[in-house]
Every structure is written in structure tokens, then in C-alpha cells.
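Asker: Could you have a look at this structure, given as C-alpha cells, before my questions?
The values are calculated or read from the model by the stated rules, or taken from the named source; none is laboratory data. Note that this is a predicted model, so its numbers are computed, not measured. All Cβ positions, even for glycine, are placed from backbone atoms using ideal geometry, and neighbour counts span all protein chains on display.
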Amino acid sequence: MMVYKKRLLGIDSDVQQEANRALVKMAPNLQRRGFLLGSGLGTLSLLSGCSLSDESSVEKALMTVSRFNDRVQGALFSSTALAPTYTPADMTRPFPFNAYYGEEEVVTVDEADYRLELAGLIANKQAWTLDALRALPQEEQITRHVCVEGWSAIGRWGGVRLSNFLQLIGADTTAKYVGFKCADDYYTSIDMATALHPQTLLTLTYDGEVLPPKYGFPMKLRMPTKLGYKNPKHITTLFVANAYTGGYWEDQGYNWFGGI
């Protein structure tokens, strides 16, 4: 998570950091009311305007601080600052599988039938086959994947730079969001600045080979500037919008911006 380097709105930096960690690690069954009150984060009630006296007020406080965190991270994000890159010798082998389900439940997508569907504020909504996507200029990066659960791994990803693809399809890059729907029913959305970041890739390969199903075949979004849950796999639809659409974990309380 992003660590604030200065005080914001009078909230102590230690409190800000604790709030960041708590918010991104929230799960639906977390005892959030007890956590907030017992960990000394009552200061957050000043930001949310909630008394934290019942479950609904705790939920409101958490969501208010999460959205506040999103705005701060968005304001501090640089569209030109690059995440660190590594050498093949630095790669984590094997690269870990992670999802909200077990590896035995990985979806199977038929390559011959696959089409990347386009929707929203895009001039040319013609669907794309994998062959057409592979014919576009490809880039590679060896970058670190940082998971909200506390681990990280370095992998080699190849594919199409998202900013180039958005330009090619006539996407409205003044819009606020780029969203993704996936074959495993996952979904998420990102800010346009991150979509245009030079290291944001629509990945089609891993370590020089066709992207394996466990890593997201046929397409995974790779953003080394974001936490892992913001990097969807098995992408089937890309859309551009001005309306906020949330995400699978974000709708359950995780920070939407999800920067590192």
C-alpha cells in the first residue's frame, strides 16, 4: 500500500498507515467494528462524521476513509514514474497462483472462440481475436506483483501496451474509468491515468510462452503500479466509462485505487 509521507487533514501518519492496511485487508467476514474500536482508529470517525457506535456507522466510516484514500492515492499517482524492473535471474519460480478460488477451479477459455468485446466510450467496438491482438506491437516487462495478503513475486509478462490499444480503438481517454469483465466472473475498473501508464499491459504471454490458464489465459491486465487484486485475469470485455463501476473486492470494502 501507499505510505503517506506527510500529514493529511490532521490525521497522524501512523493512523493513516494503519487505515491503509486495514482497509485493503478487509474481508466480508472481518469483525470490522471491533477492529476499528479496538485498534485506536477512532480518529477516523472525525473524517467520516460517524460515531462508530453500531455496525452501520462503522461501515460508513470504513467506506468514507476508503474513498478518501482513493482520492489521495489518485492525486499522488504519477503517470510517468515507473515501477522497478528486474532481470530473469530475479524471477520467482514458480510464480504463485492466486485467485478467490482454488487452482483446480481455473476457468477454461477456448482460444478459437475467444473475442475481446469492447463497450462504452469507444469509437470502434469491433471485437478482437487473439490472433489480431498478437499481431499488434508487443512489449515485455519483468516486474513485481504485490499481493494484498502480504506476499510478492517477480514475473515476466508480455503483451500490448494498454495506452496504445486505447488509442487504436478510439477510446475516449478523457473519460474517468477503464473497466474489465472476466470469464471467471471477476470484474474491476481502473482510473484512466493508470490505464495510460506506460507499464500497464494487456498481457498475452508469461515468461515468453502463451499465458497459462492459471495466470489468466487468454488475457491478463498487468499493472506493476497496483496491488494484485487490481490485475484481472481471463479478460473478456474492456469498456470505457465515466460512471463508477467498482470491482469484485472493491464492492466488499477494498480500496478502489489499489496503488502501491
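Asker: On the basis of being over 17 Å from the mean Cα position of the chain (by Cα) and buried (at least 16 other Cβ atoms within 10 Å of the Cβ), does V106 make the cut?
Answerer: Against the criterion (over 17 Å from the mean Cα position of the chain (by Cα) and buried (at least 16 other Cβ atoms within 10 Å of the Cβ)), V106 qualifies.
Asker: Given the structure, is A119 within 22 Å of the chain's Cα centre (by Cα), at negative phi and modelled with pLDDT under 95?
Answerer: Against the criterion (within 22 Å of the chain's Cα centre (by Cα), at negative phi and modelled with pLDDT under 95), A119 does not qualify.
Asker: A follow-up question, please. Just for the stretch 166-201: of the residues that are of a type in the set (V, I, T) and crowded, with 19+ Cβ neighbours inside 10 Å, which one is farthest from T245 (Cα to Cα)? Steps first, answer last, please.
Answerer: Narrowing the stretch 166-201 to residues of a type in the set (V, I, T): 169, 173-174, 178, 188, 190, 194, 200.
Going one step further and asking which of them are crowded, with 19+ Cβ neighbours inside 10 Å, we end up with 178, 188, 190, 194, 200.
Details: V178: 9, T188: 8, I190: 9, T194: 16, T200: 20 Å.
It comes out as T200.
Asker: Tell me, yes or no, whether the stretch 202-214 has at least one residue that is surrounded by 20 or more Cβ atoms within 10 Å (Cβ to Cβ), in contact (Cβ under 8 Å) with a residue 24 or more places away in the chain and farther than 22 Å from A153 by Cβ.
Answerer: No, the stretch 202-214 contains no residue that is surrounded by 20 or more Cβ atoms within 10 Å (Cβ to Cβ), in contact (Cβ under 8 Å) with a residue 24 or more places away in the chain and farther than 22 Å from A153 by Cβ.
Asker: Determine which member of the set L130, L121 is assigned by TED's automatic domain parsing to the domain that holds P224 and closer than 17 Å to L201 by Cα.
Answerer: Only one candidate passes the filter, namely L130.
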